[in-house]
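*Asks:* Sending over a structure as structure tokens; questions will come in a sec.
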Amino acid sequence: MQTLDAGGALPFYKAAACVYKAQDLSALKALFQGDARLCGLLNNALCVGVGYHPAFLNGDENLETLESFLNAFKSAFIGEIGLDYVCETPHETQRAVFLNQLELALQNGLGAVLHIVKAHAETIDILKGIFGVKGGMKLCIHASRFSKDIAREYLKLNAFLSVGLRELKGEKGLELAKYIPLENILFESDSSLGEAGALAVCEEFAKLSGIGAEICAEAANRNFSKMFLNES
């Protein structure tokens, strides 16, 4: 699971979770068949995302299975998906699965959370090509730690840039905190940190950017609603 948390006026109260392995989708399907009430509980508690993560591709990826889960949740998105050129999955396999999932997101009017490692230029070219033909879609770039030049290209696509404490470390973290506009920021707790993690990220971002923590939290809350809840 990967969590992306955003809150309004501290503390945080909204969360999104990703399921991104084929075997996890199979386990989730079996769980739902055993307890239909669980789907309703998750609908009320989380924005649920499903997708095939590039680092865990094993040949069992099935878009029909993916789509069935997306249709089961009222607040759904696709993710984490993307390109990870550090992992062992062949690049061509990653690219094919990534493109298929982007197409599925476009067909269903859903947002996508992207996991991109050492492949930002290629990803930006792919997204520009798709958007030029079919129009834009809601995007969140998970673990946004890159140069201002790359950030600028993602911002041209109206993407939300999500950061955790690790993304805010060092000079690059300071540079990004001062560069990312409030209308594009999201905070992520990255699994185990939970609400305390999201709060800590917001406070660190506020300190680095020189903007008040409550203002940052309110902005992240608005962005979360736009990205995951289809609110304007």
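*Asks:* Which of (1) over 19 Å from residue 216 (Cβ atoms); (2) exposed (fewer than 14 other Cβ atoms within 10 Å of the Cβ) does residue 130 not meet, given it meets every other one?
*Replies:* (2)
*Asks:* Follow-up question, since we're still on this one. Read through the list (1) assigned to a helix (DSSP H, G or I); (2) crowded, with 17+ Cβ neighbours inside 10 Å; (3) modelled with pLDDT under 90, then give the number of the only condition that residue 8 fails.
*Replies:* (1)
*Asks:* Quick one: which of 104, 66, 99, 70 is under 21 Å from residue 157 (Cα atoms) and touching a strand residue (DSSP E or B) at 6+ places or on another chain (Cβ under 9 Å)?
*Replies:* Testing whether each residue is under 21 Å from residue 157 (Cα atoms) and touching a strand residue (DSSP E or B) at 6+ places or on another chain (Cβ under 9 Å) leaves just 104.
*Asks:* Being in contact with a Pro (Cβ under 8 Å, 6 or more places away or on another chain) and not β-branched (Val, Ile, Thr) is the filter; apply it to the stretch 75-97 and report the residue that is surrounded by the fewest Cβ atoms within 10 Å (Cβ to Cβ).
*Replies:* 87
*Asks:* Here's something else I'd like to know. Would you check if residue 199 is touching a strand residue (DSSP E or B) at 6+ places or on another chain (Cβ under 9 Å), over 18 Å from residue 49 (Cβ atoms), touching a residue at least 40 places away in the same chain (Cβ under 8 Å) and not basic (Lys, Arg)?
*Replies:* So residue 199 fits the description; yes.
*Asks:* Which one of these is outside any strand (DSSP E or B) and either closer than 23 Å to residue 145 by Cα or not hydroxyl-bearing (Ser, Thr, Tyr) (or both): 110, 114?
*Replies:* 110
*Asks:* Shifting gears a bit: Within the stretch 158-174, identify whether any single residue is over 17 Å from residue 228 (Cα atoms), in contact with a helix residue (DSSP H, G or I) (Cβ under 8 Å, 6 or more places away or on another chain), surrounded by 19 or more Cβ atoms within 10 Å (Cβ to Cβ) and of a type in the set (D, E, K, R), and answer yes or no.
*Replies:* Yes, because at least one residue in the stretch 158-174 is over 17 Å from residue 228 (Cα atoms), in contact with a helix residue (DSSP H, G or I) (Cβ under 8 Å, 6 or more places away or on another chain), surrounded by 19 or more Cβ atoms within 10 Å (Cβ to Cβ) and of a type in the set (D, E, K, R).
*Asks:* Can you find a residue in the stretch 144-155 that is within 18 Å of the chain's Cα centre (by Cα), surrounded by 20 or more Cβ atoms within 10 Å (Cβ to Cβ) and not hydrophobic (A, V, I, L, M, F, W, C)?
*Replies:* Yes - at least one qualifying residue is present in the stretch 144-155.
Results for (1) touching a Ser or Thr at 6+ places or on another chain (Cβ under 6 Å); (2) hydrophobic (A, V, I, L, M, F, W, C); (3) under 15 Å from residue 61 (Cβ atoms), shown as yes or no for each residue.
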| residue | (1), (2), (3) |
| --- | --- |
| 91 | no, no, no |
| 94 | no, no, yes |
| 118 | no, no, no |
| 131 | no, yes, no |
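The values are calculated or read from the model by the stated rules, or taken from the named source; none is laboratory data. What you see is a predicted model; the values in this text were computed from it and never measured. Positions of Cβ are generated from backbone atoms using ideal geometry, with glycine treated the same way; all protein chains shown enter the neighbour counts.
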